[in-house]
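The values are calculated or read from the model by the stated rules, or taken from the named source; none is laboratory data. What you are looking at is a predicted structure, and each value in this text was computed from that prediction instead of being measured. So basically every Cβ, Gly included, is an ideal-geometry build from the backbone, and we count neighbours across all protein chains shown. Side chains included, ligands, DNA and RNA excluded: accessible areas come from the protein's heavy atoms. Shrake-Rupley method; radii C 1.70, N 1.55, O 1.52, S 1.80 Å.
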Amino acid sequence: MPIVKNVSRAVSQLLQSSGCGCGISIVPVRCIGVSPRQVASDASFHSVSFSESDHPRVLITGGLGQLGVGLAKLLRKRFGKNNVILSDIRKPADHVFHSGPFIYSDILDYKNLREIVVNNRITWLFHYSALLSAVGEANVPLARAVNITGLHNVLDIAAEHNLRLFVPSTIGAFGPTSPRDPTPDLCIQRPRTIYGVSKVHAELMGEYYHYRYGLDFRCLRYPGIISADSQPGGGTTDYAVQIFHDAIKTGKFQCNLKPDTRLPMMYIDDCLKATLEVMEAPAEALTMRTYNISAMSFTPEELAQEVQKHIPELQVTYNVDEVRQAIADSWPMNFDDSNARRDWGWKHDYDLPEEESRG
């Protein structure tokens with residue numbers, strides 16, 4: 001397997017922008033009562049289509065996590081500031097609040113979420129509310145409520161109101177019996193974390209709602225996401241975010257995975273680009289509802305070596321967290337994303353020299 005030689009492209013940009021640490025991490029969503037309801041058995045829903053002069057009205061749930069603020073910025077440039085609403089259950093930082101519309105939204109409060117969709121004439125919904133892998137294992141009941149019950153609320157509202165719905169999935173949707181190098185779109189999954197189980201559930205429920213009710217459901221399996229302007233959110237690949245903060249702040253980094261643990265990764269700009277591209281792709285181009293996307297694959301040791309090219313004094317040590325290591329050992333080492341490249345033209349910008357001819 002080729003060694004990462006070109007991560008420095010991403011590292012350089014990350015280190016140039018990583019002084020503030022102003023991002024907001026994903027935090028547990030509080031549990032409240034949920035009003036039961038059902039989709040009629042004879043219901044038939046269809047996705048909203050847009051003319052070239054129209055823009056979607058967008059709602060992002062869980063918007064104060066690693067990806068939500070960046071996605072809102074990208075979508076506002078594309079569709080207009082007031083057409084993209086960021087939401088969460090926490091108070092946003094001043095710069096987030098003043099950058100565009102922000103509202104309180106609890107995905108476990110069905111009535112509240114439904115009112116937001118209706119009152120703001122939402123047509124696209126990006127559902128980012130979730131507890132990640134390590135945090136989810138520490139609080140399974142809360143993870144089950146947020147990741148599964150919250151998803152059910154979103155699915156029912158999206159179907160009822162003809163939304164185009166994006167729900168991210170993850171490398172965590174695979175398990176120790178899945179092929180790891182590479183991992184195709186369709187294979188045995190069998191994850192062993194509540195986070196992974198909930199994401200497989202989301203993939204299958206979204207596909208079911210698509211075929212049963214015509215819901216325009218779209219999903220990408222994200223690899224680990226590298227970014228310097230957000231805080232770690234409780235995931236197994238957090239080391240690839242934490243190393244930049246620690247390199248700048250203290251010059252010392254302690255990694256909780258083994259140095260040779262290889263996992264697929266992606267620079268945040270590529271992740272956000274892929275998310276917008278799959279949402280804008282013509283429905284007839286999509287041959288599946290859930291796609292792998294990939295960019296690069298590396299180990300903690302390889303990433304540390306690249307960061308040390310920019311900060312030679314960085315000291316790296318390893319203190320393995322057995323829970324996170326077991327999770328990482330069950331995940332893919334490389335993603336096969338050939339279907340995304342074929343169907344809707346996915347192509348990453350930050351890659352390995354050996355892969356530059358792909359796509």
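Only residues that are touching a residue at least 24 places away in the same chain (Cβ under 8 Å) and open to solvent by 10 Å² or more (accessible area, probe 1.4 Å): list them for segment 312-325, please. Steps first, answer last, please.
Pass one, segment 312-325, residues touching a residue at least 24 places away in the same chain (Cβ under 8 Å): 313-321, 323-325.
Correct list: Glu313, Gln315, Val316, Thr317, Tyr318, Asn319, Val320, Asp321, Val323, Arg324.
Is it the case that some residue within segment 329-340 is out of contact with any helix residue (DSSP H, G or I) (no Cβ under 7 Å at 6 or more places or on another chain), in a loop (DSSP other than H, G, I, E, B) and at pLDDT 95 or above?
Looking through segment 329-340, at least one residue is out of contact with any helix residue (DSSP H, G or I) (no Cβ under 7 Å at 6 or more places or on another chain), in a loop (DSSP other than H, G, I, E, B) and at pLDDT 95 or above.
Within segment 168-214, track down each residue that is within 18 Å of Ala340 (Cα to Cα) and hydroxyl-bearing (Ser, Thr, Tyr).
Ser169, Thr170, Thr183
Residue pairs, Cβ under 9 Å, 6 or more apart or interchain, first in segment 251-271 and at positive phi, second surrounded by fewer than 24 Cβ atoms within 10 Å (Cβ to Cβ) and acidic (Asp, Glu). List them.
From segment 251-271, the pairs are Gly251/Glu313.
Please specify each residue of segment 139-167 satisfying the condition of being touching a helix residue (DSSP H, G or I) at 6+ places or on another chain (Cβ under 6 Å), among the β-branched types (Val, Ile, Thr) and either over 23 Å from Ala72 (Cα atoms) or surrounded by fewer than 18 Cβ atoms within 10 Å (Cβ to Cβ) (or both).
Val140, Ile148
Please count how many residues of segment 163-207 are under 11 Å from Phe217 (Cβ atoms) and in a helix (DSSP H, G or I).
Final tally of qualifying residues: 6.
I need a count of the residues in segment 73-91 that are closer than 16 Å to Asp269 by Cβ and out of contact with any strand residue (DSSP E or B) (no Cβ under 8 Å at 6 or more places or on another chain). Break it down stepwise before answering.
Going through segment 73-91, the residues closer than 16 Å to Asp269 by Cβ turn out to be 73-78.
Of the ones still in play, those that are also out of contact with any strand residue (DSSP E or B) (no Cβ under 8 Å at 6 or more places or on another chain) are 73-74, 77-78.
Counting residues in segment 73-91 that are closer than 16 Å to Asp269 by Cβ and out of contact with any strand residue (DSSP E or B) (no Cβ under 8 Å at 6 or more places or on another chain) gives 4.
Residues in segment 196-218: is at least one among the basic types (Lys, Arg) and open to solvent by less than 10 Å² (accessible area, probe 1.4 Å)?
First pass over segment 196-218, keeping only residues among the basic types (Lys, Arg): 199, 212, 218.
Filter again for open to solvent by less than 10 Å² (accessible area, probe 1.4 Å), leaving 218.
The answer is yes, given that some residue of segment 196-218 is among the basic types (Lys, Arg) and open to solvent by less than 10 Å² (accessible area, probe 1.4 Å).
Report the residue count in segment 135-162 for those that are in a loop (DSSP other than H, G, I, E, B), more than 15 Å from Asn112 (Cβ to Cβ) and out of contact with any Asp or Glu (no Cβ under 9 Å at 6 or more places or on another chain).
Let us first name the residues in segment 135-162 that are in a loop (DSSP other than H, G, I, E, B), namely 139, 161-162.
Retained after the next criterion (residues that are more than 15 Å from Asn112 (Cβ to Cβ)): 139, 162.
Still in the running and out of contact with any Asp or Glu (no Cβ under 9 Å at 6 or more places or on another chain): 139.
Going through segment 135-162 one residue at a time, the tally reaches 1.
For residues that are crowded, with 18+ Cβ neighbours inside 10 Å and modelled with pLDDT of 95 or more, tally how many sit in segment 287-299. Can you show your working first?
In the first step, residues of segment 287-299 are kept if they are crowded, with 18+ Cβ neighbours inside 10 Å; the result is 289-299.
Then keep just the ones that are modelled with pLDDT of 95 or more; that gives 289-293.
Of the residues in that region, 5 qualify.
Tally time: how many residues in segment 60-101 are under 16 Å from Trp124 (Cα atoms) and either part of a loop (DSSP other than H, G, I, E, B) or touching a Ser or Thr at 6+ places or on another chain (Cβ under 6 Å) (or both)?
Looking only at that region, the number is 6.
For every residue, the table says whether it meets (1) under 18 Å from His152 (Cα atoms); (2) of a type in the set (D, E, K, R); (3) under 21 Å from the mean Cα position of the chain (by Cα); (4) open to solvent by 20 Å² or more (accessible area, probe 1.4 Å).
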{"site": "His95", "(1), (2), (3), (4)": "no, no, no, yes"}
{"site": "Ser99", "(1), (2), (3), (4)": "no, no, no, yes"}
{"site": "Ser105", "(1), (2), (3), (4)": "yes, no, yes, no"}
{"site": "Tyr110", "(1), (2), (3), (4)": "yes, no, no, yes"}
{"site": "Arg114", "(1), (2), (3), (4)": "yes, yes, no, yes"}
{"site": "Val118", "(1), (2), (3), (4)": "yes, no, no, yes"}
{"site": "Trp124", "(1), (2), (3), (4)": "yes, no, yes, no"}
{"site": "Ser129", "(1), (2), (3), (4)": "yes, no, yes, no"}
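Against the condition hydroxyl-bearing (Ser, Thr, Tyr), out of contact with any Lys or Arg (no Cβ under 7 Å at 6 or more places or on another chain) and open to solvent by less than 10 Å² (accessible area, probe 1.4 Å), how does Ser227 come out, does it pass? Before you say what the answer is, go through the steps one by one.
Details: hydroxyl-bearing (Ser, Thr, Tyr): yes; out of contact with any Lys or Arg (no Cβ under 7 Å at 6 or more places or on another chain): yes; open to solvent by less than 10 Å² (accessible area, probe 1.4 Å): yes.
In short, yes.
When you scan segment 2-11, do you find a residue that is out of contact with any helix residue (DSSP H, G or I) (no Cβ under 9 Å at 6 or more places or on another chain) and modelled with pLDDT under 95, even just one? Lay out the reasoning, then the answer.
Looking only at segment 2-11, we keep the residues that are out of contact with any helix residue (DSSP H, G or I) (no Cβ under 9 Å at 6 or more places or on another chain), and these are 9.
Subset that is modelled with pLDDT under 95: 9.
Yes, the conditions are met somewhere in segment 2-11.
Give the number of residues within segment 102-122 that are aromatic (Phe, Trp, Tyr) and part of a loop (DSSP other than H, G, I, E, B). Break it down into steps so the answer makes sense when it comes.
Restricting attention to segment 102-122, the residues satisfying the condition of being aromatic (Phe, Trp, Tyr) are 102, 104, 110.
Among the residues that remain, those that are also part of a loop (DSSP other than H, G, I, E, B) are: none.
Result for segment 102-122: 0.
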